Amino acid sequence: MNYTFNNEKELDVIAIGRACIDLNANEYNMPMEETMTFTKYVGGSPANVAIGSAKLGLKVGFIGKLADDQHGRFIEKYMREVGVDTSNMVTDKEGHKTGLAFTEILSPDECSILMYRDDVADLYLEPSEVSENYIQKAKILLVSGTALAKSPSREAVLKSVSLAKKHGVKIVFELDYRPYTWQSSEETAVYYSLVAEQSDIIIGTRDEFDVMENIQGGDNNETIQNLFKHSADLVVIKHGVEGSYAYAKSGEVFRAQAYKTNVLKTFGAGDSYASAFLYALVSGKDIETALKYGSASASIVVSKHSSSDAMPVASEIEQLIAAAVHV
C-alpha cells in the first residue's frame with residue numbers, strides 16, 4: 001500500500017519548531033559530573049528531521065526562530081549547508097537564547113539529557129512569522145509536539161496547521177514529548193489531541209501516545225480507533241526494540257522489526273526514524289518498506305555519536321535493510 005501526496009508542490013517537507021544545540025559527551029560510560037569535553041551539533045527534533053530528510057535528497061524547508069547569537073548563526077549555516085531552505089527561519093531580536101542540551105552517555109541503554117530551555121528563542125516564534133505562501137509550497141508540514149508547549153510558538157504552530165489544511169498540505173505530527181517543557185499532563189493532552197485530530201499522519205512511541213491520551217498502558221487499537229474518527233489516515237506507533245507498527249485507516253496493519261546494531265546512545269532514534277520514513281513515503285515506496293527505512297535509519301543513528309551529523313544517506317539505509325539482521 002502506497003501513500004499519495006500532491007506532487008505539484010515544490011517542497012517535499014517543511015518542518016516547524018525548535019532548532020537548538022546538542023552538546024554530546026565525548027567520554028562514554030561516564031556520569032556527566034566527570035565528563036570534561038563535549039562536541040557541538042545542531043539538535044532539536046524538527047531540525048534533525050529536516051536535516052535527515054535533506055541528506056536523503058528531499059527538498060526541505062524550515063520555519064523556526066533562532067537566537068541572534070553565535071549559536072543561532074551556527075544552526076542556520078549548518079542547516080543551509082546540508083540543503084535545508086532557511087529562508088523562513090526568523091532571527092529573534094528580543095534577547096532570547098538558543099536552547100542547549102547536554103547529553104550524558106552512561107551506557108548504551110542509559111543516557112540522559114540535561115536541558116536548558118528557559119526563555120529559548122524557538123518558543124517565541126510568532127503566528128505573524130508563519131508565511132501562508134511558504135506553507136502552501138509543501139507536500140508535508142511536519143509539526144513537532146514540543147513547539148506546542150508555550151505561547152506564542154503554540155499559536156504559530158496552530159496557524160501553520162490551519163494553513164496546511166487550507167492548501168492540501170499533508171500534516172505529519174511527530175509527538176516529540178519532552179516533559180520538562182510542559183506545565184502539566186492535562187495541558188499536554190489538550191494540545192496534543194487538538195493537533196492530532198487535524199493531522200494526516202501521526203508518529204510517536206507508545207509512551208508518547210499515552211501522554212496524548214493522558215493514560216497509562218494504552219492500547220494501540222483504542223488509540224487508532226479514536227484517531228481515525230478525525231483526519232488521520234496513517235498512525236505509526238513505535239515499541240522500541242520490539243519494532244514499530246503502522247495502522248492505515250483502510251484497516252491494514254504493517255510491522256517493521258528493529259535492526260541489530262552496536263548501540264552507543266539512545267537519543268536521535270526518533271528523528272532519524274521520521275526522516276527516513278517520510279523519505280520513503282514521498283519516494284513512492286509502500287508503507288511497509290517505509291517502516292523498514294525508519295527502523296534502519298534509527299539503528300544507524302543510535303550507533304553514532306551525534307544525531308544530526310549521523311543522519312544517513314539512502315544507500316546506508318538500503319545496505320542495512322539488505323543485510324536484514326533483526327533484534
Identify the single condition in (1) modelled with pLDDT of 95 or more; (2) over 27 Å from Lys77 (Cα atoms); (3) not acidic (Asp, Glu) that Tyr259 does not satisfy, given that it satisfies every other one. (1)
Any chance Lys260 is more than 22 Å from Val60 (Cα to Cα), in contact (Cβ under 8 Å) with a residue 24 or more places away in the chain and surrounded by 23 or more Cβ atoms within 10 Å (Cβ to Cβ): no
Go through the range 99-123 and give me each residue that's touching a helix residue (DSSP H, G or I) at 6+ places or on another chain (Cβ under 7 Å) and either among the basic types (Lys, Arg) or open to solvent by 20 Å² or more (accessible area, probe 1.4 Å) (or both). Phe102, Glu104, Leu114, Met115, Arg117
If a residue must be closer than 17 Å to Ala138 by Cα and assigned to a loop (DSSP other than H, G, I, E, B), how many such residues does the range 57-79 contain? 3
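Residue-by-condition table, conditions (1) closer than 15 Å to Asp122 by Cβ; (2) open to solvent by 10 Å² or more (accessible area, probe 1.4 Å):
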{"site": "Gly52", "(1), (2)": "no, no"}
{"site": "Lys55", "(1), (2)": "no, yes"}
{"site": "Leu58", "(1), (2)": "no, yes"}
{"site": "Ile63", "(1), (2)": "yes, no"}
{"site": "Ala67", "(1), (2)": "yes, no"}
{"site": "Tyr78", "(1), (2)": "no, yes"}
{"site": "Ser87", "(1), (2)": "no, yes"}
{"site": "Lys93", "(1), (2)": "yes, yes"}
Selection status of Tyr41, part of a strand (DSSP E or B), under 18 Å from the mean Cα position of the chain (by Cα) and aromatic (Phe, Trp, Tyr): yes
For Val325, all conditions in the list (1) open to solvent by 10 Å² or more (accessible area, probe 1.4 Å); (2) at pLDDT below 95; (3) within 18 Å of the chain's Cα centre (by Cα) hold save one; what is the number of the exception? (3)
Just to check your reading of the model, which residue among Asp12, Asp22 is among the acidic types (Asp, Glu), under 30 Å from Ser112 (Cβ atoms) and either crowded, with 19+ Cβ neighbours inside 10 Å or touching a Lys or Arg at 6+ places or on another chain (Cβ under 7 Å) (or both)? Asp22
When the range 138-186 is checked residue by residue, the ones that are more than 21 Å from Ala274 (Cβ to Cβ) and among the polar types (S, T, N, Q) are Ser151, Ser162, Gln183, Ser184, Ser185
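Could you grab me the full set of residues in the range 133-184 that are closer than 21 Å to Ser112 by Cβ and either open to solvent by 10 Å² or more (accessible area, probe 1.4 Å) or not hydroxyl-bearing (Ser, Thr, Tyr) (or both)? Working first, answer last.
Taking the range 133-184 first, the residues closer than 21 Å to Ser112 by Cβ are 144-146, 149, 175-182.
Of everything in the range 133-184, those that are closer than 21 Å to Ser112 by Cβ and either open to solvent by 10 Å² or more (accessible area, probe 1.4 Å) or not hydroxyl-bearing (Ser, Thr, Tyr) (or both) turn out to be Gly145, Ala149, Leu175, Asp176, Tyr177, Arg178, Pro179, Tyr180, Trp182.
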For the range 272-302, give me the residue count where each residue is β-branched (Val, Ile, Thr), open to solvent by less than 10 Å² (accessible area, probe 1.4 Å) and within 18 Å of Asp200 (Cα to Cα). 1
Hey, could you check the range 243-257 for residues that are within 20 Å of Ser231 (Cβ to Cβ) and of a type in the set (Ser, Thr, Tyr) and say which is surrounded by the most Cβ atoms within 10 Å (Cβ to Cβ)? Tyr247
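The values are calculated or read from the model by the stated rules, or taken from the named source; none is laboratory data. Because the structure is a prediction, the values reported are computed rather than measured. Reconstructed Cβ throughout: ideal geometry from the backbone, glycine too, with neighbour counts over all protein chains shown. The accessibility values were calculated without ligands, DNA or RNA, using every heavy atom of the protein model including side chains. Shrake-Rupley method; radii C 1.70, N 1.55, O 1.52, S 1.80 Å.
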